[in-house]
1. Run Ser383 past the list (1) free of Cβ contacts under 8 Å to residues at least 60 places away in the same chain; (2) open to solvent by 20 Å² or more (accessible area, probe 1.4 Å); (3) of a type outside the set (Val, Ile, Thr) and report the number of the one that doesn't hold.
2. Considering only residues that are part of a strand (DSSP E or B) and closer than 21 Å to Ser79 by Cβ, look in the stretch 15-54 and name the one that is farthest from the chain's Cα centre (by Cα).
3. Only one residue in Lys351, Lys375 is part of a helix (DSSP H, G or I) and without any contact (Cβ under 8 Å) to a residue 24 or more places away in the chain, so which one is that?
4. Go through the stretch 260-306 and give me each residue that's modelled with pLDDT of 90 or more, at positive phi and touching a helix residue (DSSP H, G or I) at 6+ places or on another chain (Cβ under 9 Å).
5. It is to be established whether one or more residues within the stretch 452-469 are crowded, with 19+ Cβ neighbours inside 10 Å and of a type outside the set (Gly, Ala, Ser).
6. How many residues, within the stretch 27-42, are of a type outside the set (A, V, I, L, M, F, W, C) and either touching a residue at least 40 places away in the same chain (Cβ under 8 Å) or in contact with a His (Cβ under 8 Å, 6 or more places away or on another chain) (or both)?
7. Restricting the search to the stretch 1-14, which residues are among the charged types (D, E, K, R) and outside any strand (DSSP E or B)?
8. Within the set of pairs 6 or more residues apart or between chains, which connect a residue that is within 22 Å of Asn191 (Cα to Cα) inside the stretch 228-251 to a residue that is assigned to a loop (DSSP other than H, G, I, E, B) with Cβ atoms less than 6 Å apart?
Amino acid sequence: TNLQKKAIILNEHRALVVAGAGTGKTSTIIGKVAYLLKTKKAREDEILVLAFNKNAAEELRNRIKLRIGANVKASTFHSLGFEILNKTETNPSKLSDLEDQEIQLEKYIQNLIEKLLLNSNIKKKMNTFFSEMLIPPKDEFKFKTIKEYTQWTNKNLLSFNKEQLKSYGELSIANYLTLNGIKYEYEKHYNPKVKNKNNKSFQDRYRPDFYLSDHDIWIEYFGLDERMKTAKYVDNSKYIQEFKWKMKMHKKYGTKLIDLRYADLKQGKLLTKLKSKLKKHKVKLTQISQKEILFKIQENSYENQFVGLVKSFLQHYKANINLISFKQLITISNKDSRKITFIEIFEFIFKEYQQRLDELNQIDFSDMISIATTKINDKKYVSPWKYIIIDEFQDLSQPRYQLINSLLKQNLQTKLFCVGDDWQSIYRFAGSDLNLMQSFRYYFGIATIVKLNLTFRFNDMIAYTSEKFITKNKKQ
């Protein structure tokens, strides 16, 4: 198309081609390489094509070779980083044996967690996180419908004792009781000797949330905020009526009740209040042993959830290690106890992980990028590239941006040509930052942006319908 031709013959210092699905992105890259070689603007060894995974780089290399007979370097960012390290270090580090080995990495993290559970400095934080904070709290008042709320609770709210609970508040209470050695029954029928107005058994009508059989104490968690309001999907007047009825029953029959509410959870004092009221009723708290805690964690697959969380966070943190510190992370957490506790635990895990890499003289993929960037900035590596072409530019991350920017700063004559589609970003889990594409000129300076808007993949009606949807987002 004319727009592809325009993109190919452009010889701007910085250029971005926004190429939607089926608009000939790869053909444009191949055409660009052909144009540069044909017009002698660059030799084969002066052109670098970068892709985000090995298969994509290999495909580009093969298609360029097949279509125009040229041997142009098509590499991943990690391969480029590794190459720079090998050229600048006499004894370069090896790639970590855990890199690209998901199962082995998970197993390593799992072993670390078990080791930390025996460490007195961290075990209390681990216990707190596993018992109270493992599942991210979702504000029950933010759900739009009862169906949406029930779907979330059914998937997430399983206690240490494997009860399916109905709210995050109930989960916190149940696990707190378990870890402090307090036996309870969930939703036990209230006093079976009492009859209600309809002469039906009272036990069929009322089942409080928790019953502490050893102490004859009932615990209720009410979904009421500080204004005595319920979530929008709950009938407020009916709920308040039932709440008053329940309180009246406990008063009438002289039963001991610990009354807890959503407002307590929201204000971050649910368990503090529970602890205080238990002590008032002379209930002794005896934390179960480390061995029992570990067993419950493993039995409920809590550890597996935590391993996945740590692995994901490790990859994100390592990708941005030069940009943010643990102290900054805690500050950013804005007094969120769950986030702060996780960061404090993660710091221990991270130090162990880094120590292992150092002892084995290994680096991971993130290190490849960051160390290579430092080598370029220190002028230990001299860039030979006149043209840098980046495929799938929408998946660029901040560390990769730093690497490319270092190459461009070192050689001011190097030209940058990027091709991407901001509606096909799939590497957010690996730290990709869509702002780098959406604010291209902010990051790379004066630039020409070409939009390929003719697709070969589907007809006009599909294009029209999808465009109506896509263009509602003013940023894309």
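1. If we test Ser383 against (1) free of Cβ contacts under 8 Å to residues at least 60 places away in the same chain; (2) open to solvent by 20 Å² or more (accessible area, probe 1.4 Å); (3) of a type outside the set (Val, Ile, Thr), just (2) comes out false.
2. Ile47
3. Being part of a helix (DSSP H, G or I) and without any contact (Cβ under 8 Å) to a residue 24 or more places away in the chain holds for just one of Lys351, Lys375, which is Lys351.
4. none
5. Checked against the condition, which is being crowded, with 19+ Cβ neighbours inside 10 Å and of a type outside the set (Gly, Ala, Ser), the stretch 452-469 yields at least one hit.
6. Total satisfying the criteria: 3.
7. Answer for the stretch 1-14, where residues must be among the charged types (D, E, K, R) and outside any strand (DSSP E or B): Lys5, Lys6, Glu12.
8. Tyr239/Thr230
The values are calculated or read from the model by the stated rules, or taken from the named source; none is laboratory data. What you see is a predicted model, and the numbers here were worked out from it, not measured in a lab. Because the Cβ atoms are built from the backbone with ideal geometry, glycine has one as well, and the counts that use them run over all protein chains shown. Side chains are part of the model used for accessible areas, which takes the heavy atoms of the whole protein and leaves out ligands, DNA and RNA. Shrake-Rupley method; radii C 1.70, N 1.55, O 1.52, S 1.80 Å.
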